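Taking it in order: structure first as structure tokens, then the write-up.
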Amino acid sequence: MSRFRKPTDISQKPRDLQTDTAERLEAIVEAAERAAEGVIDDAEAQARRYLAQARSDADRLAVDRTEELSDVIASLLGQAITLREEAERLQVTLENASARLAGREVEPPGPAAAPVEHQPEHEAPRLRAVDADAAPAVEAEVGRANAAGARLLATQMAVSGNSREEIAERLRNGFEIEDTDAVLDAILGPEGR
């Protein structure tokens, strides 16, 4: 046997090396693909958890907002009902005042005209129809143009529940009426003296 190898033996080694390298590369690629699939699966699972948490948070916020809005709506509804009731009572009071001014009988208040919850400390003056013979005395005191305005103001203040003294002060300041008794007597009736 010779010390030299045959040329066929040398070419066999590179082929074995190529085959071995190809197998190793294939194993590396498969391992990389498995690792990539694992990373993708983990990312998808994490995305699903994040989405579920975000939905849960959004649902909780929506419930909280709905409860807050329900409370606000209930409060506003209560205020609207109170305002409507107060407006109805005011309308009845004004209609009664108008009827008294016109000398008509006033119907007793019905269930819609429940008494106001808080009454002023002093009793509001009662209105009465203007006497035909009292009107000239008022006009002589304040003049024809101002007489109607003074009577209107006094009537409005009386309906609002102002006292005789408050109305008299306003007439003295606003219309420069020195003797307010004629106007007040015409609207409220003579004061018990």
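No other residue among Leu101, Leu184 is surrounded by 13 or more Cβ atoms within 10 Å (Cβ to Cβ), modelled with pLDDT of 75 or more, of a type in the set (A, V, I, L, M) and in the same structural domain as Arg84 (by TED's automatic domain parsing) apart from Leu101.
Every residue, every condition in (1) modelled with pLDDT of 85 or more; (2) assigned to a helix (DSSP H, G or I); (3) within 28 Å of Thr82 (Cβ to Cβ), yes or no:
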{"site": "Glu95", "(1), (2), (3)": "no, yes, yes"}
{"site": "Glu107", "(1), (2), (3)": "no, no, yes"}
{"site": "Val138", "(1), (2), (3)": "no, yes, no"}
{"site": "Glu141", "(1), (2), (3)": "no, yes, no"}
{"site": "Ala145", "(1), (2), (3)": "no, yes, no"}
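Of the numbered criteria (1) closer than 26 Å to Asp179 by Cα; (2) modelled with pLDDT of 80 or more, the one Arg89 fails is (1).
The values are calculated or read from the model by the stated rules, or taken from the named source; none is laboratory data. Here the structure is a predicted model, which is why all the values come from computation and not from measurement. Heads up, the Cβs are rebuilt from the backbone with ideal geometry, glycines too, and the neighbour counts pull from every protein chain shown.
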